[in-house]
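In what follows, a structure is listed as structure tokens, so that the remarks can point back to it.
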Amino acid sequence: MREGYWMADGFLRKLIPRNSSGMKSVIVPFFWSYIAILMLAVMIGAMLYWKAKNVVEITVGNTNAALLEQLREAEDSRLKELDQLEQQIAFHPKLQLLLSNGEKLTDADVYSAIEFSKDLQRYRNISPFVDDFYVYITASEMMIGPETKTTPSILFDHVYRFENKDAVSWVRDFREGSHVKTFLPAMTIQTSDASKRIIPYMRALPLLDRSSNKGMLFVMIDEDKFRSLLQKLARVNRGDIYILNKDNQIISSTKDLAKGQKLQVRYEEMSMCQGKLEKNWDDQHVVVSYTSSEVNDWKYVYAVPYDVFMDRVAAVKRWALAMLILAILGGVSISLYLTYRNYVPVRDVLNAISKHGTGGARDGISEYEWIKTTIESAQLTESKLRGLLSRQAPIIRVNFLSRLVRGYVESSELKPESLQFIGLTFVSNYYAVMMIEVNDQDSLGADGKEREWPFVSFIIANIADELAGEQHLGFSVELERGRIAILMNLNEERTGQWDEDLRKIAGNLVQVLKSRFHLALTIGISGIQSDANGIGEAYRDALKALDYQSVQERKRVIVPSELKDLETYYYYPLELELQLVNLVKSGDYAKVEKLLDEVFKENFINHHITPELSKCLFFNVTSTLLKVVQVFPDSDGGMVQRFQSIGQWAGVETAESMFDGIKEQYRLVCTHLKENRSDRSERMLEQINRYIRQHYGDNMLSIMSIADHLGITPPYLSAFFKKASGRNIADFIVTIRIEEAKHLLKDPTLTIAQVAIKVGYANDVGFIRVFKKYEGITPGQFRSSLG
């Protein structure tokens with residue numbers, strides 16, 4: 001031991017740098033501790049080997065027993081198929097008639113027997129291991145099989161020839177034996193072309209009257225198929241399997257036995273349902289495992305040579321010895337390696353501390369004390385840093401919530417430890433967002449709104465968090481001036497009440513801030529999201545809900561269900577726009593207002609369009625008025641300038657107020673146009689209009705003919721009509737003709753050519769071309785649409 005110590009000590013000195021004084025006291029204990037652990041492991045390994053030996057023996061025995069039990073269950077399930085065959089035949093109505101007949105058979109009896117044999121053909125496939133079966137009728141000495149009617153002498157002396165058993169002995173067994181599920185040991189039979197092994201099975205008939213013995217069900221079971229599972233199991237552990245009945249007869253086995261050979265173990269010795277015996281069998285030590293069948297009172301016996309049975313135990317022993325030797329040889333080397341490996345980190349830490357000067361002076365203290373002092377100093381520095389971070393946590397929290405609500409946070413940032421650092425804890429994976437918009441805060445300082453806003457934001461956030469925290473978790477964050485988002489983390493225990501809870505929280509928040517602080521709010525509520533990655537989508541839903549209030553009368557709380565029925569188109573047809581243009585040009589504001597009210601009612605009362613479409617509609621209606629204004633060259637510059645800022649009504653709160661602004665602009669234009677039109681111009685315009693309507697059917701109607709009728713020049717007529725009505729006179733003539741053509745096309749008795757002539761066209765070709773140009777469809781298509 002002393003020599004080994006100094007050898008190890010010399011090796012370890014080579015590992016320790018010369019300038020590392022005192023390190024021997026650190027390294028040497030490492031080495032001897034590993035040696036002690038190695039010796040302890042060797043002792044424990046020896047003890048575990050003996051325990052493992054017993055465990056393996058038990059395991060192998062249990063494995064054999066389990067395999068044998070599986071074999072029994074498989075064979076019993078096969079025999080249940082035999083029971084099914086037995087039931088099908090025994091309760092056949094034709095069999096009952098045959099069993100009750102006497103010795104002499106009538107023609108009807110013979111016919112019934114033939115029909116019964118045909119019916120038996122259906123039962124051939126009930127069980128794959130049944131080779132053949134017959135029914136013996138005692139009174140008439142008939143053997144009836146599938147499509148077969150014969151006698152015992154023909155069947156047993158000519159068709160099937162059993163070893164040492166003829167037809168007479170079989171008939172004696174049928175008549176004298178009281179057979180209730182009787183299996184005979186496997187025997188060889190000869191047929192005309194081959195020999196095979198079968199297991200005979202007999203059952204007295206009828207089943208419910210055993211004393212009468214009127215017949216017998218005789219089944220021949222194919223032993224090769226029956227013992228196929230036996231052979232698979234026997235090959236696993238190189239053993240032999242036997243099936244033993246109560247009379248100590250071997251029904252079947254995987255080993256070929258001499259005729260009349262008995263098993264070395266008796267049925268009575270295997271008294272338990274299953275177990276294991278050790279026997280000396282043919283000068284060989286054998287381990288016998290057995291299990292019992294409750295179906296036929298059989299014993300399934302599995303005989304394995306003891307050497308084979310103990311193969312696994314011997315393998316464990318060999319492996320244990322090999323591992324023990326390997327442990328002893330490699331233990332010292334591993335101990336030295338581990339000692340060196342454990343020292344290297346300590347050495348590196350010491351070098352790092354010395355290099356960066358973070359540990360202070362050594363002052364003769366040990367390495368461990370020096371490392372301890374350095375760690376304590378580092379912990380103190382870490383504590384100061386954590387204090388600094390904790391003071392910055394609120395700012396970090398606000399920034400994180402702002403990004404989280406907008407959907408800009410990565411999944412890696414949602415880890416529990418990251419959330420815990422900024423004081424966030426979620427109770428479920430279900431989220432919603434409430435967007436709060438402050439509409440009016442004049443009561444908090446008319447001349448100091450910018451200074452008052454932080455106070456307003458603080459009030460809203462605190463009250464919102466308090467109301468949300470009653471049933472769920474709420475996290476408020478200011479996104480921009482006038483808008484605050486509340487991230488709702490929903491409690492799973494209130495599933496099914498989430499929508500109602502969100503409405504209630506929003507309603508209470510609006511009521512409290514209105515009554516106590518005179519703040520007018522609009523709150524948009526998003527749908528429920530089942531994952532944190534959907535919070536951004538919830539934020540966008542809440543924004544859409546806020547936008548919805550701009551097209552309806554102000555709602556203080558808007559939920560997603562109110563957005564589902566929004567139309568994806570708006571009502572403002574081309575005909576209505578043309579009619580609106582004509583009315584504006586004529587200065588008839590009363591009718592203009594009526595048309596605008598109709599547009600508003602159809603889009604915002606009878607139907608509901610989206611906020612985006614509402615803006616498109618407003619711009620479209622406004623652009624119509626702009627077109628009219630630009631037509632009149634004498635319009636004052638102020639009127640045209642008014643429409644250059646087309647988005648002036650986009651910030652109006654509701655659709656109704658927005659339409660009021662648009663109607664006011666229409667009123668101003670109508671008043672302007674009406675005031676600048678003289679009576680003479682109106683009379684001349686009326687004459688032109690009346691003449692065109694009276695002569696639209698004349699194909700010679702033109703600017704020249706109208707000018708001649710009025711006594712003016714064609715250029716003056718054209719300029720006057722353009723100025724007075726805002727449109728080209730030729731276009732007006734076409735418009736009148738097409739309007740009349742539409743009325744005529746409703747009459748199915750008129751052809752398109754006749755309609756063309758009636759409205760002033762020489763033929764239908766020019767009429768169709770002009771009609772399609774102005775209406776977008778042909779006259780025929782227009783008539784079809786009237787349908």
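The values are calculated or read from the model by the stated rules, or taken from the named source; none is laboratory data. None of these values were measured; they are calculated from a predicted model. No Cβ is skipped: glycine too gets one built from the backbone with ideal geometry, and neighbour counts run over all protein chains shown.
Of the residues L229, L207, L217, which is of a type in the set (A, V, I, L, M), within 26 Å of E269 (Cβ to Cβ) and surrounded by 13 or more Cβ atoms within 10 Å (Cβ to Cβ)? Only one candidate passes the filter, namely L229.
I'd like the full set of residues that are within 20 Å of R78 (Cα to Cα) and buried (at least 19 other Cβ atoms within 10 Å of the Cβ), limited to the range 232-252. Answer for the range 232-252, where residues must be within 20 Å of R78 (Cα to Cα) and buried (at least 19 other Cβ atoms within 10 Å of the Cβ): L233, A234, I241, Y242, I243, L244, I251, S252. Say we look at the range 670-702 and pick out the residues that are at pLDDT 80 or above and of a type in the set (G, A, S); which of these is nearest to K627 (Cα to Cα)? Looking at the filtered set, the residue picked out is S702. Is there a residue in the range 378-389 that is surrounded by fewer than 13 Cβ atoms within 10 Å (Cβ to Cβ), modelled with pLDDT under 70 and assigned to a helix (DSSP H, G or I)? Yes, that holds for at least one residue. Remark: pairs (first residue in the range 496-521, under 18 Å from G482 (Cα atoms); second residue part of a loop (DSSP other than H, G, I, E, B) and among the charged types (D, E, K, R); Cβ separation under 6 Å; 6+ apart in sequence or on different chains) = V510/R556. For the range 273-306, a residue qualifies if it is touching a strand residue (DSSP E or B) at 6+ places or on another chain (Cβ under 8 Å) and not in a strand (DSSP E or B), and the qualifying residues are C273, W281, Q284, S293, N296, W298, Y306.
The set of residues in the range 237-278 that are modelled with pLDDT of 75 or more, of a type in the set (K, R) and touching a helix residue (DSSP H, G or I) at 6+ places or on another chain (Cβ under 9 Å) comprises K246, K255, K276. I144 meets the conditions (1) surrounded by fewer than 19 Cβ atoms within 10 Å (Cβ to Cβ); (2) more than 60 Å from the chain's Cα centre (by Cα) in every case but one. The failed one is (1). Residue check: L578 meets all listed conditions (1) more than 30 Å from F721 (Cα to Cα); (2) assigned to a helix (DSSP H, G or I); (3) modelled with pLDDT of 75 or more but one, namely (1). Just so you know, in the range 392-450 the residues that are of a type in the set (S, T, Y) and assigned to a helix (DSSP H, G or I) include one that is modelled with the lowest pLDDT, and it is S443.
Are any of the residues in the range 160-171 of a type in the set (S, T, N, Q), touching a residue at least 12 places away in the same chain (Cβ under 8 Å) and under 29 Å from Y300 (Cα atoms)? No, every residue in the range 160-171 fails to be of a type in the set (S, T, N, Q), touching a residue at least 12 places away in the same chain (Cβ under 8 Å) and under 29 Å from Y300 (Cα atoms).
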